[in-house]
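Take a look at the structure set out below.
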Amino acid sequence: MRVPLEWLREYVTVDVAPEVLAERLAGIGLPAEEIAHVGDDVVLDLEVTANRPDCMSVLGVGREVALLLGQPLRYPDGYPDPRAGGRRGASLVRPGRRASGAAASRRRRTAPMGSDAAGARATAEDRVRVDVEDAVGCPRFTATVIEGVRVGSSPAWMQRRLEAAGVRAINNIVDVTNYVMLETGQPMHAFDYDAVAGHRLVVRRARSGETLETLDEITRVLDDDMLVVADGTRPVSIAGIIGGADTEIGPRTTTVLLEAAYWNPLVIGRAARRLGVRTEAGARFERGADPSGPSRAQMRAAVLLAETSGGRVLPGMVDVYPRPATPKTIRLRPDRAVSVLGVDIAPREMVHILRALGCRVTPGRALAVQAPTFRPDVAVEEDLIEEVIRVYGYDRIPPTLPSGDTTPGSVAPALATDRRVRDVLTRCGLVEAMTLTLVRAAPDARDTAPLVAIANPLTQDHNALRRSLVPGVLEALATNAARRIADAQMFELGRVFLPGAGGGPDERRSLAIAAMGRWRAGWNVPEDQALVDFYHLRWILDTLLAELAVPAHEVAGLRESGEVQRPASAGGGDPPSLSRAGWWHPGRFADVRIGGRPVARCGELHPDLASVHKLPHRAYLAEVDLEALYALAAGRGADSRVSDEMPVPPVPRSLVPARTFTGLPRYPEIERDLAVVLPETVPAGRVEAIIRAAAGPLLEAIDLFDVYTGAPIPPDHRNLAYRLRLRAPDRTLVAEEAEEILQQVRIALRTEAGAQLRE
Amino acid sequence: MTEWDRIPEIEREAQQACADAATEAALEEVRVRYLGRQGVIAHAFRALGRASAEDRPRLGQALNALKAAVEAAVQRRAETLTAAGRRARLTDERIDVTLPGRPLASGWTHVLSRTMEDIAQIFLGLGFEVVEGPEVERDHDNFERLNMPPYHPARDAQDSFYLGGEWLLRTHTTVVDVHVMDCRRPPMRAISYGHCYRRDPVDASHSPMFQQVDGFMVGEGVRFSDLKGVLLHFAQAFFGPETRARFVPSYFPFTEPSAEMAISCVICGGRGCAVCKRSGWLEILGCGMFHPRVLEMSGIDPQRYTAFAFGMGVERPAMLRHRIDDIRLFYENDLRFLRQV
């Protein structure tokens, strides 16, 4: 709300500098976004919260300023103080019953202030008939008729004020309606009386599909939850929001039909959002205007129209107001206020503040308070407590720490586990990325899995939710590559979303790793020993799984089709969030499985995709299904959910069991080397499994230290050199025992894998 | 005068030869010359047979003494030569310590996740449970349970992404408070953090996805002054002990009274600068006492229990702490940025 100080001073004496005023207004909840100097005036651009429609007016702000500065508030001509002149205001306008033309014509004729009633024969009620068909949507509707107007420019002072407040001057009629709105907070609408068919206004629901060309020259399609003001034949305005083009005030207008109403905030809010029309009027009505505002605004407008357009306001305002709002009495217990706020405010101070805000207060053990009609936000005791403290000053509340029952602090297990995952991955040299969850649902041949679509996207680049973190971290690699950062090893921990069956999208915790380029750098470090490769990535995954203390995992190569090399009995398909096969180098990707269930997929990015993304190195990617992994870490089934659990107090159990110390070895080990020659097609994993099985429990560690092809190894074969560490927990192992174990291993390798053993 | 009289002379010569040996090889020659099988001393021992029986013991003793003395001289010299050699070798191994170090990839968490964990840690110390909630929520929980019915004007500030049906992306982590209240009885205090979404076009200070932290406390006799005390403690723990906090009225449909907390500008200390728009204050957080309707909807008696709640964006405190001037940097994932902060 832009408040020109020159305008504000009409209602209240401001005896402090604008900056001081702004500071003090901020202290009661009206902070200035900007203090602008316009010409020789100062305009405060106040941020008005949605609960304060009364402050969307200069007079409303004036009331707060008067309270702050201890000054009286001066009301403008035709718009008396509602408390002092309450009776008088009421006597001018008699509440009507449910409207009909006949009822309207029977109404008492009243002379709005400032009108020249002496020469008037006709009254407004003779000239216009108002029917309100929806009294819930429109609790009050008033109309006046002004004859003999000369449409032209409004006076310079009015134009200056409007423009300082940010409203364009149009003509002397429309300007008065805007001026009254800005001054009092009551929006008004002026129709060209002669363009209103049948000189009749009907407030009704729009018919579904009915259209109206509005003042902004856009034809709007309406629905039957919206209210319109119609004339004898068609809608002439969208109630409370914007008028129609056909009945607009023009240069040839001589008679004006002036509307001021009170609309149901929900109806206006809904229509404004449905239609996407945001207007000054709509903004006030949807927040809840003042039900006693319409008649007062009519009187104020009559004064101004007479002054600026030469028009003659017909006596007798039409006022359809079947159920006048009766102020509700709210109880305020001063001791409750003190105990909620934690500051001792005397009851008489509360009374003083509330009265200054326009409330009627009956003192007592509990105060009986009637809030003014322009404060729809004040409805319950807490609202009054807020009014009291707002004016008393939040800064006068002493800071205290909570007393009484305390609770032990705790961290939800999944969050604590996140922390361990971040720790282990950063130890492995990865930098955490954070990418947007919102993605573009592009029909990509490689990944046709359905995404969760956003019904109302902001841009087509962000029209769906990611189902995998891999594209995001890959994009991060590409971003860095484009900025000539060729060495990038990153991870992201976040949520992925899969279309759900009925119960909304399925949201899962996930992790992605993307790495390319050198993991060690510096002078004289050969690149081939420094580049990230599949085995570097595998080490990271092994380290992660060890940290989470999950059951033993295996890495299983996948064929080009994406089929997992495993016996048909193992069951299970792709874990739902893991990226699909098209991403990967066909010879270089694998699943990491625990108990046969894939928990991660990793491998080299398909070289075609690497070149699409202009990556300077081969890139290695992994996606880890943390939802399953955390469940396994907690000793639960891989399909149980761990995210968003509300842990049971007082102290939730960690998802990750503490690893157990197994003691330091007490007896010496024996190391033996083993060189195995096998066809290259035999996976090393199988060789290792055979060795482990044959060696038995005394095998403490197995270390592959060389992989060799070339002479004298036969073609298509390779030599795998292992160092085996053997140890007995309870005695010193002797050489003969070690030799016997090794012999078992050799036999197994020969018979099970057809290996040749080199000495 | 016989050859035996030359024993002292031999010793002197040997001592001299040892001293003159400049290298280990030269010393070896000296050793062989005097102590070798064909050396001077062995030769003298063999000549002992020709000496008279009465002289023999005395001469034998003298020869043994000579042998021991020469051996000692050789040994001493050898030690000297070895030490010098090692010194020389180590000197030759000198490196240029001013060459740069060889880096390994070193990992780092994202500044926003670190900031959220830091904030949560402060509240953990105040007895808060750190919890989480889903990013996809029902409209009912995200808005109506927080006293924002459909078409409420306050929803404008939280324009939402809808996913079809009743589902939307949460616009604030305040919705997690609702979930906690649904499965707890007072007293309780909890804090949550994570991704939130609003339909704000991207610019230097807006992003359709952003991070939020929300906390609340329900109990008998929970006061607004407790809210001030807890948040002041947070501000000083996070921004530094010299930080001052200011509370001004605000409006949130789910709190009454509502407030905004500003802290003394961390850039200028409150004197006024471009970051705080010359005001000396930075708004960082919204807060208040939970509206009785919100407690009622969660089955908590608002006459018996009161509650405070607060929520803040995470980007702004992180930007202030690290002097970051553009919110887009957080989600661009430029490693030069990620490694700096």
Take the residues of the stretch B:135-160 that are of a type outside the set (D, E, K, R) and more than 9 Å from chain A (Cβ to nearest Cβ): which is nearest to residue B:334 (Cα to Cα)?
B:158
Among the listed residues A:759, A:752, identify the single one that is acidic (Asp, Glu), modelled with pLDDT under 95 and touching a strand residue (DSSP E or B) at 6+ places or on another chain (Cβ under 9 Å).
A:759
Mind listing whichever residues of the stretch B:257-272 are surrounded by 20 or more Cβ atoms within 10 Å (Cβ to Cβ) and assigned to a loop (DSSP other than H, G, I, E, B)?
B:265, B:266
In the set B:71, B:137, which member is outside any loop (DSSP other than H, G, I, E, B), in contact (Cβ under 8 Å) with a residue 24 or more places away in the chain and within 30 Å of residue A:270 (Cβ to Cβ)?
B:137
Is it true that residue A:335 is surrounded by fewer than 24 Cβ atoms within 10 Å (Cβ to Cβ) and among the acidic types (Asp, Glu)?
yes
Considering residues of the stretch B:161-182 that are assigned to a loop (DSSP other than H, G, I, E, B) and at the interface with chain A (Cβ under 9 Å from one of its Cβ atoms) only, the residue nearest to the chain's Cα centre (by Cα):
B:161
Of all strands (runs of 3 or more DSSP E) fully inside the stretch A:186-292, the set with 1 or more residues that are closer than 23 Å to residue B:148 by Cβ is A:227-230, A:256-262
Taking the stretch A:510-526 and the residues there that are outside any strand (DSSP E or B) and in contact with a strand residue (DSSP E or B) (Cβ under 7 Å, 6 or more places away or on another chain), the one that is nearest to residue A:613 (Cα to Cα) would be A:517
Return the residues of the stretch A:476-500 that are of a type outside the set (A, V, I, L, M, F, W, C) and either more than 7 Å from every other protein chain (Cβ to nearest Cβ) or under 28 Å from the mean Cα position of the chain (by Cα) (or both); say none if nothing qualifies.
A:479, A:484, A:487, A:492, A:494, A:495, A:499, A:500
Complete set of residues in the stretch A:421-460 that are out of contact with any strand residue (DSSP E or B) (no Cβ under 9 Å at 6 or more places or on another chain), more than 7 Å from chain B (Cβ to nearest Cβ) and modelled with pLDDT of 95 or more:
A:423, A:424
Exactly one of A:653, A:672, A:731, A:659 is over 58 Å from the mean Cα position of the chain (by Cα) and not in a strand (DSSP E or B), and that one is A:731
Among (1) within 7 Å of chain B (Cβ to nearest Cβ); (2) over 20 Å from residue B:215 (Cα atoms); (3) modelled with pLDDT under 95, there is one condition residue A:409 misses while meeting the rest; what is its number?
(2)
Just for the stretch B:273-314: of the residues that are acidic (Asp, Glu) and farther than 22 Å from residue B:232 by Cβ, which one is surrounded by the fewest Cβ atoms within 10 Å (Cβ to Cβ)?
B:301
Among the residues of the stretch A:371-387, is any surrounded by fewer than 18 Cβ atoms within 10 Å (Cβ to Cβ), without any contact (Cβ under 8 Å) to a residue 24 or more places away in the chain and within 10 Å of chain B (Cβ to nearest Cβ)?
no
Within the stretch A:626-637, considering residues that are more than 30 Å from residue A:486 (Cβ to Cβ), buried (at least 20 other Cβ atoms within 10 Å of the Cβ) and not hydroxyl-bearing (Ser, Thr, Tyr), the one nearest to the chain's Cα centre (by Cα):
A:627
Based on this model, can you work out whether residue B:132 counts as among the charged types (D, E, K, R), facing chain A (nearest Cβ under 7 Å) and either touching a residue at least 60 places away in the same chain (Cβ under 8 Å) or closer than 28 Å to residue A:502 by Cα (or both)?
yes
Picking from B:320, B:295, B:285, B:227, the residue that is in a strand (DSSP E or B), more than 8 Å from every other protein chain (Cβ to nearest Cβ) and either of a type in the set (A, V, I, L, M) or touching a strand residue (DSSP E or B) at 6+ places or on another chain (Cβ under 7 Å) (or both) would be B:285
Can you tell me how many residues in the stretch B:183-201 are more than 8 Å from chain A (Cβ to nearest Cβ) and outside any loop (DSSP other than H, G, I, E, B)?
6
Looking only at residues that are facing another protein chain (nearest Cβ under 9 Å) and within 18 Å of residue B:232 (Cα to Cα) in the stretch B:243-256, which one is surrounded by the fewest Cβ atoms within 10 Å (Cβ to Cβ)?
B:246
Here, helices (runs of 4 or more DSSP H) confined to the stretch A:342-443 with at least 3 residues that are in contact with a helix residue (DSSP H, G or I) (Cβ under 8 Å, 6 or more places away or on another chain) and over 30 Å from residue B:333 (Cβ atoms) are A:347-356, A:381-392
Looking at (1) under 33 Å from the mean Cα position of the chain (by Cα); (2) on the phi < 0 side of the Ramachandran plot, find the lone condition where residue A:240 falls short.
(2)
Considering only residues that are hydrophobic (A, V, I, L, M, F, W, C) and under 28 Å from residue B:262 (Cα atoms), look in the stretch B:298-317 and name the one that is nearest to the other protein chains (Cβ to nearest Cβ).
B:308
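The values are calculated or read from the model by the stated rules, or taken from the named source; none is laboratory data. Because the structure is predicted, anything quoted here is derived from the model rather than measured. With ideal geometry, Cβ positions are generated from the backbone for all residues, glycine too; neighbour counts draw on all protein chains shown.
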